[in-house]
1. Answer yes or no as to whether residue 45 is at pLDDT 95 or above and surrounded by 15 or more Cβ atoms within 10 Å (Cβ to Cβ).
2. Collect the residues in region 62-119 that are more than 19 Å from residue 16 (Cβ to Cβ), of a type outside the set (S, T, N, Q) and outside any strand (DSSP E or B), keeping them in residue-number order.
3. For residue 23, all conditions in the list (1) touching a Leu at 6+ places or on another chain (Cβ under 8 Å); (2) loosely packed, with under 15 Cβ neighbours inside 10 Å; (3) not acidic (Asp, Glu) hold save one; what is the number of the exception?
4. Can you tell me which residues in region 6-18 are touching a His at 6+ places or on another chain (Cβ under 7 Å) and either crowded, with 24+ Cβ neighbours inside 10 Å or assigned to a loop (DSSP other than H, G, I, E, B) (or both)?
5. Check 72, 97, 65 and return the single one that is more than 23 Å from residue 128 (Cα to Cα) and more than 13 Å from the chain's Cα centre (by Cα).
6. Using beta carbons and a limit of 9 Å, which pairs, at least six apart or on different chains, have the first residue in region 72-94 and more than 13 Å from residue 122 (Cβ to Cβ) and at pLDDT 95 or above and the second one basic (Lys, Arg) and in a loop (DSSP other than H, G, I, E, B)?
7. Can you find even one residue in region 78-85 that is under 21 Å from residue 15 (Cα atoms) and small (Gly, Ala, Ser)?
Amino acid sequence: MPKATVAAIIHPAGDRRTILLTRRNVSPFNGLWCLPGGHIEDFELAETAVRREVKEETGLDFAPEAFVGWFEEIFPEHRFHAVALAFAGAGSGALQEQPEEVSEMAWFTLDDALSMQLAFTHNLVLQKYARSLDQ
């Protein structure tokens, strides 16, 4: 049975082409960069989940401004199957590393992030986000 997850494209207020990525410190995809996010808990709204996951992983307060889309994440080699709901919005506050899940955090230009190998389907998420900015 697939899990429901969320992913956040976090940008500074007023700059939608700079985004925050985190380097995973857990399996699957340990060591790869990704968008902050995680599992939706039982009876939790998706927007509540994305705000909670961003706070837990980065220390930032996240204000979802747009729903980017849903993405199927099927990785049999990792025994992982999820449907990810991606949101974009501004982050505020101070970054606070959470070493149990995240080994590193950094701001990247959208173009640089698009050129990286990201965990899960996060390259596809960013491609769709970039297309929405160019319209």
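1. On the way: at pLDDT 95 or above: yes; surrounded by 15 or more Cβ atoms within 10 Å (Cβ to Cβ): no.
The answer is no for residue 45.
2. Within region 62-119, 76, 77, 78, 79, 94, 97, 99, 100, 101, 119 meet the criteria.
3. Looking at each condition in turn, residue 23 falls short on (2).
4. Quick first cut of region 6-18, residues touching a His at 6+ places or on another chain (Cβ under 7 Å) only: 7, 18.
Across region 6-18, the qualifying residue is only 7.
5. Result of the check over 72, 97, 65: 97.
6. 90/16
7. Applying the first criterion (under 21 Å from residue 15 (Cα atoms)) to region 78-85 yields none.
No; the residues of region 78-85 include none that is under 21 Å from residue 15 (Cα atoms) and small (Gly, Ala, Ser).
The values are calculated or read from the model by the stated rules, or taken from the named source; none is laboratory data. A quick note: this is a predicted structure, and the numbers were derived from the prediction, not measured. Every residue, glycine as well, gets a Cβ built from its backbone with ideal geometry; the counts of neighbours run over all protein chains shown.
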